[in-house]
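To keep things clear, I will list the structure first and then write my remarks on it.
The values are calculated or read from the model by the stated rules, or taken from the named source; none is laboratory data. Please read all numbers here as calculations on a predicted model, not as lab measurements. Here the Cβ positions follow ideal geometry from the backbone for every residue, glycine too, while neighbour counts run over all protein chains shown.
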């Protein structure tokens with residue numbers, strides 16, 4: 001068994017590799033060609049943190065993976081990263097552990113950013129160029145950076161609870177970004193939510209016809225970013241995993257509120273081939289909770305790239 005450090009992982013996990021792996025795996029998952037057990041969740045309220053353990057396998061792949069990912073949201077105030085973690089890559093032929101990817105949560109962050117960017121790009125109007133982002137952390141930044149690899153953005157509006165953090169993120173994103181109110185952010189062509197909030201962060205009545213909304217942050221049962229009524233207004237609801245999104249995604253909150261039936265969603269993997277057509281006035285929503293098969297496929301692909309490239 002080998003241990004691969006974060007620097008080697010970052011060199012091997014090129015945007016092209018991440019996008020291709022995430023797209024292919026979401027498609028495989030949509031067609032039932034994966035094995036993904038329910039995630040394990042732990043909460044640490046005194047420390048403002050949480051942990052999830054996810055596992056997955058793509059049918060026929062040589063490897064499966066088990067991932068530990070943590071988010072401790074007070075860490076930036078301590079001078080520490082919010083996210084940590086690692087991925088164990090295990091042979092699906094022998095059960096032997098091939099490698100531990102000591103990525104510190106990097107692959108989770110990048111596959112989440114890639115999945116969000118892919119579905120946002122796929123479901124948005126072709127002429128949508130204004131992005132509204134709720135949240136000011138690492139995933140807020142990554143969602144903007146990865147989406148700009150797929151489409152040009154004329155303006156990025158950032159809303160956060162702390163105006164200073166919103167200003168700091170905008171400084172990193174460049175002149176295209178500026179802090180904005182919640183109402184102005186909600187009125188963008190594209191809206192992405194990236195917070196650990198337990199209550200909805202936007203007003204669904206302010207979502208304009210033709211808007212696409214991607215929810216990233218609701219990855220545990222107690223989290224809730226998108227209001228239930230938003231799903232009732234949507235022409236298309238996309239989920240990365242039907243069962244997970246019912247159990248602990250924003251889609252599940254909407255189903256339990258009675259605003260939509262539990263079969264109202266479509267797998268994201270079926271929407272990534274460009275065959276979906278939408279009217280200019282349609283509202284579309286995507287709910288991402290993170291699929292263990294993505295962790296397995298990406299970790300295996302990165303490990304192979306590291307070994308091929310002579311790392312570590």
Practice item. Run down 171, 96, 122, 128 and say which single residue is touching a residue at least 60 places away in the same chain (Cβ under 8 Å) and exposed (fewer than 15 other Cβ atoms within 10 Å of the Cβ). Key: 96
**Study point:** Residue in region 276-297 that is without any contact (Cβ under 8 Å) to a residue 12 or more places away in the chain and either closer than 22 Å to residue 120 by Cβ or not in a loop (DSSP other than H, G, I, E, B) (or both) present
**Key:** yes
Check your understanding: Within region 33-47, is even one residue closer than 24 Å to residue 147 by Cβ and either in contact with a strand residue (DSSP E or B) (Cβ under 8 Å, 6 or more places away or on another chain) or assigned by TED's automatic domain parsing to the domain that holds residue 302 (or both)?
Key -> no
Revision key, fill the gap. Picked from region 26-68 (must be in contact (Cβ under 8 Å) with a residue 60 or more places away in the chain and closer than 30 Å to residue 162 by Cα), the residue surrounded by the fewest Cβ atoms within 10 Å (Cβ to Cβ) is 43
Review point. Given region 198-272, what helices (runs of 4 or more DSSP H) lie entirely inside it while holding 1 or more residues that are in contact with a helix residue (DSSP H, G or I) (Cβ under 6 Å, 6 or more places away or on another chain) and surrounded by fewer than 18 Cβ atoms within 10 Å (Cβ to Cβ)?
Key: 228-233
Review point. Does residue 158 qualify as being surrounded by 20 or more Cβ atoms within 10 Å (Cβ to Cβ), part of a helix (DSSP H, G or I) and in contact (Cβ under 8 Å) with a residue 12 or more places away in the chain?
Key: no
Check your understanding: Counting only residues that are out of contact with any helix residue (DSSP H, G or I) (no Cβ under 8 Å at 6 or more places or on another chain) and in a loop (DSSP other than H, G, I, E, B), which one in region 22-52 is modelled with the lowest pLDDT?
Key -> 48
